[in-house]
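> Quick one: this structure, given as structure tokens, is what I'll be asking you about.
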Amino acid sequence: MKKPLFIAVEGLDGSGKGTQIKMLASRLEAEGTKVYLTSEPTQFTTGGLIRDALSGLTKRTPAELAGLFLSDRIAHCQSPGVGIKCMLESGVTVITDRYYYSSFAYQGMDTDLDWVMNANLNCPDIIKPDVCIFLDVPSDVCDSRIESGRASREIYEKRETIERTRQKYFEVFSKLPDHNIKIVNAVGDPEEIAERVYEAINNVQ
Ligand code: TYD
């Protein structure tokens, strides 16, 4: 049996992560791989607090938000029965829609990036992914997708923030030489992008 993989999918809001994750999961399942799809913020209590902050309902400082994401991620990894650790141990491949790279890019824009990185990377309860797929789409494309798909924008979906976030992702990736980061061109036909994503994870075992 192949080792189960822990795959983190990252990208700007409106980069098509949802579609690509579903396509990747179907392909892996068709090959007989058991797959667990999950996302951050989670469905746990911390995830609810985070969603209220993202919508603007409650005000949080960037460091406070980074702390909430950290706590949410610990629960995401360690939760009995449904956590990432438990899934991987039972032989299931895990695909998460966002992981700590999002904290580095988003909270790292407004608070101390090294602190956010150290807190996550040195936390014994947080599991390192086998691979991170970054779906790269120009920020103006994301912006128009958000515009046509949402009634209101969350705090990080403001037009001027999107390009800043993309730049921050690249800065973060350059600080992580020991991480397996695959930058995938996510412009084009969904089937074509799915092929690139599949190729990117195919060599990881
Ligand atoms: P959401 O609308 O739930 O999902 P998505 O845009 O990925 O489809 O938004 C999640 C938001 O949370 C997104 O704007 C990025 C942000 N975020 C952070 O700021 N830090 C983090 O650590 C994570 C996981 C997400």
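The values are calculated or read from the model by the stated rules, or taken from the named source; none is laboratory data. This is a predicted model, so every value here is computed, not measured. Every residue, glycine among them, receives a Cβ derived from its backbone with ideal geometry; neighbour counts consider all protein chains shown. Note: areas computed on protein heavy atoms with side chains; ligands, DNA, RNA excluded. Shrake-Rupley method; radii C 1.70, N 1.55, O 1.52, S 1.80 Å.
> Hey, what number do you get for the chain at 222 nm if only DSSP H runs of n ≥ 4 count, each worth -39500 (n - 2.57), divided across all residues, to the nearest 500?
Calculated mean residue ellipticity at 222 nm is -14500 deg cm²/dmol.
> Quick one: if you stick a label point 7 Å off each Cα along the C-beta vector at residue 60 and residue 114, how many nm between them?
Spacing of the two 7 Å Cα→Cβ label points: 2.5 nm.
> Could you tell me the distance between the Cα centroids of the range 11-26 and the range 133-205, to the nearest Å?
10 Å
> State the percentage of accessible surface on the range 1-46 attributable to carbon and sulfur atoms; use a 1.4 Å probe and exclude ligands, DNA and RNA.
About 56 percent, which is the carbon plus sulfur part of the accessible surface.
> Moving to a separate point now. Would you tally the net charge around residue 146, using a Cβ to Cβ cut-off of less than 12 Å, leaving residue 146 out, and scoring K and R as +1, D and E as -1?
Local charge sum for residue 146: -1.
> Just list whichever of 2/22; 85/182; 3/128; 128/175; 2/85; 22/85 have alpha carbons separated by over 19 Å in the model shown.
Over 19 Å apart, Cα to Cα: 2/22; 85/182; 22/85.
> Hey, with R₀ at 30 Å, roughly what FRET efficiency would residue 141 and residue 26 work out to, going by the Cβ-Cβ distance, to 0.05?
0.80
> Also, I was wondering about something else. Work from the charge dipole of the chain (Cβ charges, +1 for Lys and Arg, -1 for Asp and Glu, about the Cα centre) and give the residue of 161, 8, 142 farthest towards its positive end.
Checking the options against the dipole of the chain, the answer is 8.
> Largest first, what is the accessible-area ranking of 201, 155 with a 1.4 Å probe?
Ranked from most to least accessible, the order is 155, 201.
> Mind putting a number on the dipole of the range 125-172 about its Cα centre? Charges go on the C-beta only, +1 for Lys and Arg and -1 for Asp and Glu, and I need it in Debye to the nearest 20.
For the range 125-172, the charge dipole is close to 120 debye.
> Only Cα pairs within less than 10 Å get springs; with that Gaussian network setup on the chain, which residue of 28, 65, 113 has the largest fluctuation?
Looking only at 28, 65, 113, the biggest GNM fluctuation is shown by 28.
> Would you mind checking which residues have amide H under 5 Å from residue 181's amide H? H placed 1.01 Å from N; only 5 or more apart, or other chain.
The list, which skips near neighbours in sequence, is 132.
> Now for a different question. Sorting check: for 181-191, 52-62, which peptide has the highest mean count of neighbouring beta carbons within 10 Å, and how do the rest follow?
181-191, 52-62
> Can you give the convex hull volume per residue for the Cα atoms of the chain, as a whole number of Å³?
Once divided by residue count, the hull of the chain is 117 Å³.
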